[in-house]
Amino acid sequence: EKGNHRHFMAKEIYEQPEVVGHTLTQYLDMAGGTVRLPFGDKIDWKSLSRLTISACGTSYYAGLVAKYWFEKLARLPVEIDVASEFRYREAPLPDQGLALFVSQSGETADTLAGLRYARQNGQAILSVVNVPTSTIARESDAVAQTLAGPEIGVASTKAFVCQLAVFASLALAAARARGTLSAQDEAGHVQHLISLPGLMARALELEPEIEKLARELSKAKDVLYLGRGTSFPLALEGALKLKEISYIHAEGYAAGELKHGPIALIDEDMPVIVVAPHDTLYEKTVSNMQEVAARGGRIILITDAKGAAECGIEPEATIVMPEMDPTFAPIVYALPIQMIAYQTAVFMGKDVDQPRNLAKSVTVE
Ligand code: F6R
């Protein structure tokens, strides 16, 4: 049931603080300030040579965020590819390798085929799924469940943020096991994770501002999304969400790639949405924004108060997010990204829960 909401997608966007909180209770010992995985010691993080991640669509973008976390926090090398490529490219897989498959439904044909390829090639199999009875879950050695509850809207929202919450926990567990994270730093990260649902609730309060933005965006033929670091996968996710429900063409790019091609597209008709919390890469992203501004581009900046103060240009609009530790910020910055797509599609009168040509679960390749 949709409750007070017009669409399942809106209901699911608003449920996110609660479902992320619920998911985290299964992965954290909140009082002890430690990570506690529900599947115990099934994965020997310490002896892993490499992690291979594969998935499709939004689940793939969650995996892309996870790559940054596993590499930085746990110093674990990560390979990642979309499942439709991974399953056929005959990739050599390492000894002591772990393969990780991400799927809301647990039934996506390409992801399942990738899992079977990894199994045949000697990998231990971990899956992050929302449906625990699914085929992918049944064929895995260990299952990390996302507790998002049933997701009805075709465009994935709450499953994505729960996947991110699980990945944050897994990366911290891996880091502890591999000796790259002190108990004190673990406790600090756990505190930040615990604060996320509250920060997400505050991000949802930005909806009226985003609604105003949507009117402008609805006139665009193309939209460019830019981000660096973990904001890069969010740029990809923002573009995917916008195109699938509003049918406006959108592209996500790593901000540093701007001058290698997409800068040619910049004009006063194409909005550029920049995802940039005030983190260590912020200054780099500022210089990309200046390049856009110098060519008359229209910038919509998603940042925090510090970022807004230091951006050095006058964006057409700024979405000011609450201050937070940057490491797990994507779990909160996903929300304005989703709301932008949702509000734009609703303003244009599109059927956001049932976008044309799309199915909730893709069980054929
Ligand atoms: C986008 C979306 C799709 C799915 C993809 C994978 O909003 O929902 O891109 O993420 O089809 O589906 P699962 O996660 O069920 O494997």
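Observations on the structure shown:
- Residue-by-residue Karplus 3J(HN,Hα) for region 215-230, coefficients 6.51, -1.76, 1.60, Hz, glycine and proline x: 4, 5, 4, 5, 7, 6, 8, 9, 9, 10, 10, 10, x, 10, x, 5
- Ordered from highest to lowest accessible area with the whole protein assembly present and a 1.4 Å probe, Lys284, Lys158, Lys219 read as Lys219, Lys284, Lys158.
- Total charge dipole magnitude, region 133-279, about the Cα centre, Cβ charges on Lys, Arg, Asp, Glu only, Debye to nearest 20: 240 debye
- Note on region 327-354 and region 1-70: Cα centroid distance 19 Å, given to the nearest whole angstrom.
- The Rg/Rh ratio of region 137-238, with Rg taken over Cα atoms and Rh as the Kirkwood radius over Cα pairs, comes to 1.04.
- Those aspartates and glutamates that a straight Cα-Cα span of less than 13 Å connects to Lys306, excepting residues fewer than 8 apart in one chain: Asp279, Glu283, Glu323, Asp325
- Considering only beta bridges that DSSP places wholly inside the chain, some 5 percent are antiparallel.
- By average C-beta atoms within 10 angstrom, highest first, the peptides 339-347, 266-274: 339-347, 266-274
- Cleavage-rule hits (chymotrypsin sites (Phe, Trp or Tyr not before Pro)) in region 29-102: DSSP loop, at most 13 neighbouring Cβ within 10 angstrom: Phe39, Tyr88
- Most mobile of Met348, Met289, Met321 in a GNM of the chain (Cα contacts under 10 Å): Met348
- Listed residue pairs exceeding 18 Å between alpha carbons, taken from Lys67/Lys360; Lys241/Lys350; Lys241/Lys360; Lys219/Lys350; Lys158/Lys241; Lys2/Lys158: Lys67/Lys360
- Computed over the chain, the convex hull of the alpha-carbon atoms projects to a mean area of 17.1 nm².
- Dipole of region 1-109 computed with +1 at Lys/Arg Cβ and -1 at Asp/Glu Cβ about the Cα centre; of Ile53, Gly3, Ala74, farthest Cα towards the positive end is Ala74.
- In a DSSP loop and with at most 12 other Cβ atoms within 10 Å, the GluC sites (Glu not before Pro) in region 1-71 are Glu1.
- Kirkwood Rh, Cα atoms: Rg over Rh of region 1-145: 0.99
- Expressed as a whole percent, the accessible surface of the chain that belongs to carbon and sulfur atoms is 49, based on a 1.4 Å probe.
- About the Cα centre, charge dipole magnitude for the chain (Lys/Arg +1, Asp/Glu -1 at Cβ), debye: 500 debye
- Table column - 3J(HN,Hα) (Hz), region 277-283, Karplus curve with 6.51, -1.76, 1.60, x for Gly and Pro: x, 6, 10, 5, 9, 4, 4
- Placing unit charges on each Cβ (+1 for Lys and Arg, -1 for Asp and Glu) gives region 311-359 a dipole about its Cα centre, and among Met339, Leu358, Ile313 the Cα reaching farthest toward its positive end belongs to Leu358.
- In summary, region 100-144 shows an alpha-carbon radius of gyration equal to 0.96 times the 2.2 N^0.38 Å reference for compact globular proteins.
- ³J(HN,Hα) computed for each position of region 63-77 - Karplus, 6.51 cos²θ - 1.76 cosθ + 1.60, integer Hz, glycine/proline x: x, 5, 4, 4, 4, 4, 5, 5, 5, 6, 7, 9, 6, 9, x
- Prolate/oblate/rounded call for region 229-365, Cα gyration tensor, a/c under 1.5 rounded: prolate
The values are calculated or read from the model by the stated rules, or taken from the named source; none is laboratory data. Remember, it's a predicted structure, so these values are computed and weren't measured experimentally. Glycine gets a Cβ as well: all are built from the backbone with ideal geometry, and neighbour counts include every protein chain shown. Heads up: the accessible areas ignore ligands, DNA and RNA and are worked out on the full protein's heavy atoms, side chains in. Shrake-Rupley method; radii C 1.70, N 1.55, O 1.52, S 1.80 Å.
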